[in-house]
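Undergrad: Mind having a look at this structure? Questions to follow.
The values are calculated or read from the model by the stated rules, or taken from the named source; none is laboratory data. Please read all numbers here as calculations on a predicted model, not as lab measurements. Cβ: placed from backbone, ideal geometry, glycine included. Neighbour counts: every protein chain shown.
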Amino acid sequence: MDTDEVSFVNLTVKTIVVHTGTYFVMGLLALQFLDYAHQFAQPGLQTYMRPLSDPLVAAGPLFQPIRGLLFALAFYPLRRVFFFRKNGWAAMWLVLVMLGILSTFGPSPGSIEGIIYTSRPLELQVFGLPESLLQSLLLSSILCYWITHPGNKRLAFAMWALFCLAVIASLMGVMLHRA
């Protein structure tokens, strides 16, 4: 595969689909295993995180295509590193973790800035890291595989089905909150 074969449009569509799908799956898993409903109601998080009953929380997956587009804008100039080298997925994951999770410019929870400049205890700082680390790992590994194996129809079907499920479930969640 040549770098010319990875068009910006193809990369963008696949990034949006994979990001939205992995975001949705990891959100559901975190909701279940990290007990977000209880955790978000705790004193350290209740003023920071919206409750799960908030319609914007239900709408969360609907906004992920915007983030997918932003990721694609960042990935495209680095496509030679990410898609045409051995273990490119690991390079992508490293960039996502280092720049998008640990070294944010603002004091996000779990970031170096968050630990230094916010008064949240360390356990609240690192609470959401497993979800972020695993979702970014899934995004980088699945996206790199899909880009380098464009003829894999099973993967394409699975990712599009997951994307559609995320959008439909989110729309239903929003409608239920409005009723």
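Undergrad: From the list V57, V13, which one is under 22 Å from L129 (Cα atoms) and surrounded by 14 or more Cβ atoms within 10 Å (Cβ to Cβ)?
TA: V57
Undergrad: Taking the condition of being among the hydroxyl-bearing types (S, T, Y) and within 15 Å of F40 (Cα to Cα), how many residues in segment 101-134 meet it?
TA: 0
Undergrad: Show me the helices (runs of 4 or more DSSP H) found entirely inside segment 84-179 where at least 2 residues are within 24 Å of P65 (Cβ to Cβ), of a type outside the set (D, E, K, R) and in contact (Cβ under 8 Å) with a residue 12 or more places away in the chain.
TA: Per the criteria, 88-95, 129-148, 153-178.
Undergrad: Kindly list the number of the only condition in (1) under 20 Å from A166 (Cβ atoms); (2) in contact with a Leu (Cβ under 7 Å, 6 or more places away or on another chain); (3) surrounded by 13 or more Cβ atoms within 10 Å (Cβ to Cβ) that fails for Q39.
TA: Failed condition: (1).
Undergrad: At pLDDT below 90 and under 30 Å from P121 (Cα atoms): which single residue out of P43, P55 fits that description?
TA: When all the criteria are applied, what remains is P43.
Undergrad: Sticking with this one: Could you check segment 121-176 and list, in sequence order, the residues that are farther than 24 Å from A58 by Cα and at pLDDT below 95?
TA: Selection gives P121, L122, E123.
Undergrad: Report yes if T47 is free of Cβ contacts under 8 Å to residues at least 24 places away in the same chain and among the polar types (S, T, N, Q), otherwise no.
TA: yes
Undergrad: Hey, another quick one. For segment 58-72, which residues satisfy the criterion of being in contact (Cβ under 8 Å) with a residue 60 or more places away in the chain and of a type outside the set (S, T, N, Q)?
TA: Those that are in contact (Cβ under 8 Å) with a residue 60 or more places away in the chain and of a type outside the set (S, T, N, Q): A58, A59, G60, P61, L62, F71, A72.
Undergrad: So, one more: Determine whether segment 114-123 contains at least one residue that is buried (at least 17 other Cβ atoms within 10 Å of the Cβ) and of a type in the set (F, W, Y).
TA: no
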